[in-house]
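I have placed the structure first, in the form of structure tokens, so that the comments after it can refer back to it.
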Amino acid sequence: MLRLYNSLTKRLEDFIPLHAGRVSMYVCGPTVYGLLHIGNARTIMFWDIARRYLEHCGYQVDYVQNFTDIDDKIIKKAQAEGVTAEAIASRYTEAYFADMDALGVRRATHYPCATDSVGDMIRHIEGLLEKGLAYVVDGDVYFRVAGFPDYGKLSGRAVEDNEAGARVEVDDRKREPADFALWKAAKPGEPAWGSPWGQGRPGWHIECSAMVRRVLGDTIDIHAGGKDLKFPHHENEIAQSEGLTGLPFARTWMHTGFLNMGTEKMSKSLGNIRTTRDVVAAFGAQPLRYFMLQTLYRSDLDFTEEAVKAAATGLANWRDTLARLSGQAHGDSPDEREQANAWLTRVDQGFSQAMNQDLNTAAALAHLQALTHDMRRAFADGSASGQSSAVFQPAIARLRDLASTVLGLDLSAPERAVATLDGQASAFLDLLVSLRAEAKTERNWGLADRIRDRLLALGVRLIDQKDGTTTWEAATPAALP
């Protein structure tokens, strides 16, 4: 049974969708006024994995991710460049797709844009006005927070805690500081649409509520985003959606943690933003993805170049180990079939157990890597029951498939460059191989593994034979920038 942490109830819950076999999922997408930074990329990448795992479990997933293509930041950038807001939004929407394609993020089922849903937003606001949950001031329309008693149930913030200026718009015309804009009256030089209250444009929060209702309906299974959106954006979505329909807006709310630069929160004000495009160019998409998956999605994650380099080395070593175990065809004797099925069962059970506990990619990776280590040791140890690599092949194939289809990791064998070494270097490597053999004899597995891994990082791959001997070959070093 899949269990998910619900930010609304603050606990793990069994996931049971509204409709059997089908999941409706909405993820708050980017405001397209610049290149996506890696904090945003972590969020989008993880919800892509959540969608992949739900599909792996047999669900049909209606996965919706919006684009905010009209916003103060977009307008400001357009004015600075002397172009239209539409041109800015189009430019960075295309850049978003290019960056996410490079990172291996699959396309969503739907990508609604705010500017395509203005009519839905107007009708939503009209409904709130009719219910007395909104009011008009000089062409602006505000949501009346005091009219929604459950306000704060997601973030845990009481209305009186919402002081003007603390992520709350400052406007003396509002009845209460916590009230938020549903519609903004037009200003000179800004894009505007006609409405019952005059020319203007929607507020940010109403955009997602209207797009969710238009594409997925009044109540959805999962609403997700970064935890920085919990307040005020998601809190306001709940108020204006449930205030209108009287129905639960989302049954499960999920939020990713922050990605910090070192130990500082990444922010434009600190000047420590790293774009996804730059990081992928420097380190590669797969090492970045592997790095991010090693931490539970709702925990904060510290980004450092050293950590991504270590991830690149670890990923290269993992691929190399699997490559060394691969090759022999699966045997057909009863004993080999039994051993092969046992390894295969371990792959499936451990992976599902980890992912079913709140999509724990870190635990899933740890399981797959531990299993790879066990197979390598069983193959290297001539007295082990699984000394033939043939018994590992079904498990390795399944392991690679799960890593690819669910986690988006490519664990196929890396292409190696063949090279030769001079006599002195060859003799030195033979010495290291001998020392490693002694470490293995003494069951000092840690030292043996360190010698192997460090040699691989330097471009030398050790190959353990079934008879207990070890040979080596030149190989492409682990991918480091």
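Here R298, R289 are screened, and the one residue that is at pLDDT 90 or above, of a type outside the set (S, T, N, Q), within 30 Å of R277 (Cβ to Cβ) and surrounded by 18 or more Cβ atoms within 10 Å (Cβ to Cβ) is R289. Scanning segment 94-117 for residues that are part of a loop (DSSP other than H, G, I, E, B) and free of Cβ contacts under 8 Å to residues at least 24 places away in the same chain yields a total of 1. Of everything in segment 196-244 that's assigned to a helix (DSSP H, G or I) and of a type in the set (V, I, T), which residue is farthest from A134 (Cα to Cα)? The residue in question is V215.
The number of residues in segment 255-272 being at pLDDT 70 or above, on the phi < 0 side of the Ramachandran plot and not aliphatic (A, V, I, L, M) comes to 9.
Suppose the filter is touching a residue at least 60 places away in the same chain (Cβ under 8 Å), surrounded by 15 or more Cβ atoms within 10 Å (Cβ to Cβ) and acidic (D, E); does E55 pass it? Here the answer is no, as E55 does not meet what is asked. Does D120 fit the bill of being part of a loop (DSSP other than H, G, I, E, B), farther than 30 Å from N356 by Cα, open to solvent by 20 Å² or more (accessible area, probe 1.4 Å) and of a type outside the set (K, R)? Against the criterion (part of a loop (DSSP other than H, G, I, E, B), farther than 30 Å from N356 by Cα, open to solvent by 20 Å² or more (accessible area, probe 1.4 Å) and of a type outside the set (K, R)), D120 does not qualify.
Listed here are the strands (runs of 3 or more DSSP E) enclosed by segment 1-91 that have at least 1 residues being within 16 Å of the chain's Cα centre (by Cα): 3-6, 22-27, 60-65. Within segment 257-275, residues that are open to solvent by 30 Å² or more (accessible area, probe 1.4 Å) have Cβ atoms under 9 Å from residues that are part of a strand (DSSP E or B) and modelled with pLDDT under 75 in these pairs: F258/K265; L270/E264, counting only partners at least 6 apart in sequence or on another chain. Restricting attention to segment 10-32, the residues that are free of Cβ contacts under 8 Å to residues at least 60 places away in the same chain and open to solvent by 50 Å² or more (accessible area, probe 1.4 Å) add up to 7. A Cβ distance below 6 Å, combined with a sequence gap of six or more or placement on separate chains, defines the contacts here; from segment 399-411, residues that are under 18 Å from A41 (Cα atoms) reach residues that are open to solvent by 10 Å² or more (accessible area, probe 1.4 Å) in the pairs V406/R52; V406/H56; G408/G104. If you scan segment 215-248, which residues turn out to be surrounded by fewer than 18 Cβ atoms within 10 Å (Cβ to Cβ) and within 18 Å of S117 (Cβ to Cβ)? Residues satisfying the conditions are G217, D218, T245.
Only residues that are open to solvent by 50 Å² or more (accessible area, probe 1.4 Å), part of a helix (DSSP H, G or I) and touching a helix residue (DSSP H, G or I) at 6+ places or on another chain (Cβ under 8 Å) were counted across segment 124-136, and they come to 0. Contact map, segment 137-151: first residue over 11 Å from A181 (Cβ atoms) and exposed (fewer than 14 other Cβ atoms within 10 Å of the Cβ), second residue of a type in the set (K, R) and at pLDDT below 95, Cβ cut-off under 9 Å, separation 6 or more or different chains; pairs are D138/R173; A146/R175. Considering (1) open to solvent by less than 20 Å² (accessible area, probe 1.4 Å); (2) in contact with a Gly (Cβ under 9 Å, 6 or more places away or on another chain), the lone condition that A78 does not fulfil carries the number (2). One residue stands out among those in segment 301-322 that are among the charged types (D, E, K, R) and open to solvent by 40 Å² or more (accessible area, probe 1.4 Å): the one that is nearest to G257 (Cα to Cα), which is D302.
Conditions (1) at pLDDT 75 or above; (2) part of a helix (DSSP H, G or I); (3) farther than 21 Å from G314 by Cβ, marked per residue:
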site	(1), (2), (3)
A413	no, no, no
T420	no, no, yes
A425	no, yes, yes
D449	yes, yes, no
R454	yes, yes, no
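The values are calculated or read from the model by the stated rules, or taken from the named source; none is laboratory data. Remember, it's a predicted structure, so these values are computed and weren't measured experimentally. A quick note on method: Cβ atoms are made from the backbone with ideal geometry, for glycine too, and the neighbour counts reach across all protein chains shown. Areas reflect the complete protein model, heavy atoms only, side chains present, ligands, DNA and RNA absent. Shrake-Rupley method; radii C 1.70, N 1.55, O 1.52, S 1.80 Å.
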